[in-house]
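The values are calculated or read from the model by the stated rules, or taken from the named source; none is laboratory data. On a predicted model such as this, the values are computed, not experimentally measured, just so you know. Reconstructed Cβ throughout: ideal geometry from the backbone, glycine too, with neighbour counts over all protein chains shown.
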Amino acid sequence: MSGRWWPGSLALRVTLLCGLIAMAMTGMLGAYFFLFARTAINAHADDQLIGRAEHFRGLVAEARSVQDLRDQSLMFAALLGATTDVLILRRVGEPAFIEVNRGRVPLPGALTRVPLDRRMSPGDVLRTTDHPQMHWVAGLARSGLDGGVVEVLTGHPLESELEMIDRSRFHVLRSTLMSIAVSVLLVYLALRHGLRPLRRITAHAARIHPIDLSIRLPEQDAPRELRDMVAVFNAMLDRIAQGYERLSQFSADLAHEIRTPVGALIGQTQVALNRVRTPLEYQQLLESNLEELTRLSLIVDDILFLARADHAMLDIERGPLDLGAELHAIADYFEGPAEEADLQIAVRAAGTVVANAPLARRAIHNLVVNALRYSRAGTTVRLIAERQATGALVAVENDGDVIPGEQLERLFDRFYRADASGDRPADGSGLGLSIVKAIMDLHRGRASVSCSEEGTIRFELRFPA
């Protein structure tokens, strides 16, 4: 239906539809009862007319002769049901010898005469539509002594019956309209009462604000039909609250990360400007500033990468990647830093994976950097890769301090950093593992971490087939 005239209120829409249904149903019931009443009134009139005609046939049969019937004309007139009724007694083919027709109603031309050996039935009644509307019935009767055949013709005008039918029509129409009005009113009141839970839900939803996202819609008071909707809405609020909390934490962490190098740049520059420096001192200042600027640039690149990954802006290309060759190449690349940290790197890899080569290398690279940073001296970092039925598995294991379960759940959060071991500080930005998770999400894969009681930390990357 067009929205220009269709009401916007749900209660009004349902009320209007119920009103149309009530109008159709009560209209059909009213029409049925009216037709039934009209049929019953006409049948009653026919029965009375047939009863009088049969009575007159009986009187004719009891009479001695036609002359006796003429002498009893006043009695026949008195036996009529109403002053406007018509009675004709005549021999077949002759003029009437008794005629009671005060209204001068013209007689019907074609009228079936009921034979002597059969009683009249409603099917023998002739109904005329002229004014006044008349019901006619005719039958033959034989006088008692002389055996003369007499035609008995009776007619009844439907004046009182038509008035009764008109009154029935009026009452049916009035009761139909009243029923529709009462039905619409009751439906509207019932809907107003039934929609109170929606108004309560609306009132609760109006209280939800970014400052306070802890408010949830009441599920227990909601009707059964609305509980699923309320549960889904509350789950959506939970996701929004979590996302808002992560966004707030991300903003705070981002400000903290940027403030440190920016503060270092400002402080070093202010110190250098206090007095004239030698070219060597200026060169050292520029080298230090360049390191801080490089760190800022890396943070910005990582944030842009995560933002594009979150919004599915990266359409990655995939191809076969030899896991053995890749892990051995990464191990060779980190051989120097591993020796400086008194660590060994072992590789056990085989098989291929369908992935984006630069992104897969970056994810594994970040895991190896993390393993070198948090491993105990004198231990081995293990790079593992194997082909599985559901895809490929790449794992990086190292031995370090036991990580509590609440920290394991947060390792992939942005800007989260666990305490580094020994003399290797956590000098990263805290985005490396977040980038690993984002890369796996782009591959429709999964990144996970576990820690044994002995302190063996295992990162797993599961690439789909």
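Answer with yes or no whether V262 is within 24 Å of I435 (Cβ to Cβ) and either surrounded by 12 or more Cβ atoms within 10 Å (Cβ to Cβ) or among the acidic types (D, E) (or both). Break it down stepwise before answering.
Values: within 24 Å of I435 (Cβ to Cβ): yes; either surrounded by 12 or more Cβ atoms within 10 Å (Cβ to Cβ) or among the acidic types (D, E) (or both): yes.
Judged against the criteria, V262 is a match.
Residues R424, R414: which one is modelled with pLDDT under 80, exposed (fewer than 15 other Cβ atoms within 10 Å of the Cβ) and of a type outside the set (S, T, N, Q)? If you could, list the steps in order and put the result at the bottom.
Details: R414 fails: exposed (fewer than 15 other Cβ atoms within 10 Å of the Cβ).
R424 is the lone residue from the list that is modelled with pLDDT under 80, exposed (fewer than 15 other Cβ atoms within 10 Å of the Cβ) and of a type outside the set (S, T, N, Q).
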key: Which numbered condition L327 fails, given (1) touching a Leu at 6+ places or on another chain (Cβ under 7 Å); (2) under 30 Å from A255 (Cα atoms); (3) crowded, with 19+ Cβ neighbours inside 10 Å   = (2)
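Given the residues G103, G123, G109, which is the only one that is assigned by TED's automatic domain parsing to the domain that holds G58 and within 60 Å of the chain's Cα centre (by Cα)?
Sole residue among the options that is assigned by TED's automatic domain parsing to the domain that holds G58 and within 60 Å of the chain's Cα centre (by Cα): G123.
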Filtered residues of the stretch 131-176 (kept if free of Cβ contacts under 8 Å to residues at least 24 places away in the same chain and acidic (D, E)) = E163, D166
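Does R192 qualify as being outside the structural domain of H135 (by TED's automatic domain parsing), part of a helix (DSSP H, G or I) and either in contact (Cβ under 8 Å) with a residue 24 or more places away in the chain or touching a Leu at 6+ places or on another chain (Cβ under 9 Å) (or both)? Show your work before the answer.
On the way: outside the structural domain of H135 (by TED's automatic domain parsing): yes; part of a helix (DSSP H, G or I): yes; either in contact (Cβ under 8 Å) with a residue 24 or more places away in the chain or touching a Leu at 6+ places or on another chain (Cβ under 9 Å) (or both): yes.
Yes: the conditions hold for R192.
Hey, can you tell me all the residues within the stretch 379-408 that are over 47 Å from the mean Cα position of the chain (by Cα), at pLDDT below 90 and either within 16 Å of V436 (Cβ to Cβ) or not aliphatic (A, V, I, L, M) (or both)? If you could, list the steps in order and put the result at the bottom.
First, pick out the residues of the stretch 379-408 that are over 47 Å from the mean Cα position of the chain (by Cα): 379-385, 396-402.
Checking which are at pLDDT below 90 leaves us with 400-402.
Of everything in the stretch 379-408, those that are over 47 Å from the mean Cα position of the chain (by Cα), at pLDDT below 90 and either within 16 Å of V436 (Cβ to Cβ) or not aliphatic (A, V, I, L, M) (or both) turn out to be G400, D401.
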task = Please indicate, with yes or no, whether at least one residue in the stretch 163-171 is surrounded by 14 or more Cβ atoms within 10 Å (Cβ to Cβ), among the basic types (K, R) and closer than 30 Å to L20 by Cβ.
result = yes
task = Among the strands (runs of 3 or more DSSP E) lying completely within the stretch 310-378, list those that include at least 3 residues that are at negative phi and not β-branched (V, I, T).
result = 319-322, 344-349
task = Might you check whether a residue that is closer than 30 Å to N398 by Cα and either outside any helix (DSSP H, G or I) or at pLDDT below 75 (or both) occurs anywhere in the stretch 274-292?
result = no
key: For A40: the one exception among (1) at pLDDT below 75; (2) exposed (fewer than 13 other Cβ atoms within 10 Å of the Cβ); (3) within 30 Å of H135 (Cα to Cα)   = (1)
request  = Scan the stretch 342-373 residue by residue and report those that are modelled with pLDDT of 90 or more and either among the aromatic types (F, W, Y) or farther than 21 Å from A438 by Cβ (or both).
outcome  = D342, L343, Q344, I345, A346, V347, R348, L372
query = Name the residues in the stretch 195-230 that are without any contact (Cβ under 8 Å) to a residue 24 or more places away in the chain and either among the hydroxyl-bearing types (S, T, Y) or over 28 Å from T15 (Cα atoms) (or both), would you?
reply = T202, R207, H209, I211, D212, I215, R216
ask   = In the set T176, T112, T128, which member is touching a helix residue (DSSP H, G or I) at 6+ places or on another chain (Cβ under 8 Å), hydroxyl-bearing (S, T, Y) and within 19 Å of D47 (Cβ to Cβ)?
value = T112
key: Residues within the stretch 366-399 that are within 13 Å of S450 (Cβ to Cβ) and out of contact with any Asp or Glu (no Cβ under 7 Å at 6 or more places or on another chain), tallied   = 3
request  = Considering each of A203, A222 in turn, give the residue that is surrounded by 12 or more Cβ atoms within 10 Å (Cβ to Cβ) and either in a helix (DSSP H, G or I) or of a type in the set (A, V, I, L, M, F, W, C) (or both).
outcome  = A222
request  = Looking only at the stretch 268-276, decide whether some residue is surrounded by 13 or more Cβ atoms within 10 Å (Cβ to Cβ) and under 27 Å from F412 (Cα atoms).
outcome  = no
Residue check, A307 modelled with pLDDT of 90 or more and either in a helix (DSSP H, G or I) or surrounded by fewer than 18 Cβ atoms within 10 Å (Cβ to Cβ) (or both) = no
request  = Can you confirm whether the stretch 141-159 contains a residue that is within 60 Å of the chain's Cα centre (by Cα) and not basic (K, R)?
outcome  = yes
ask   = Within the stretch 77-97, restricting attention to residues that are among the hydrophobic types (A, V, I, L, M, F, W, C) and modelled with pLDDT under 65, which residue is surrounded by the fewest Cβ atoms within 10 Å (Cβ to Cβ)?
value = A78
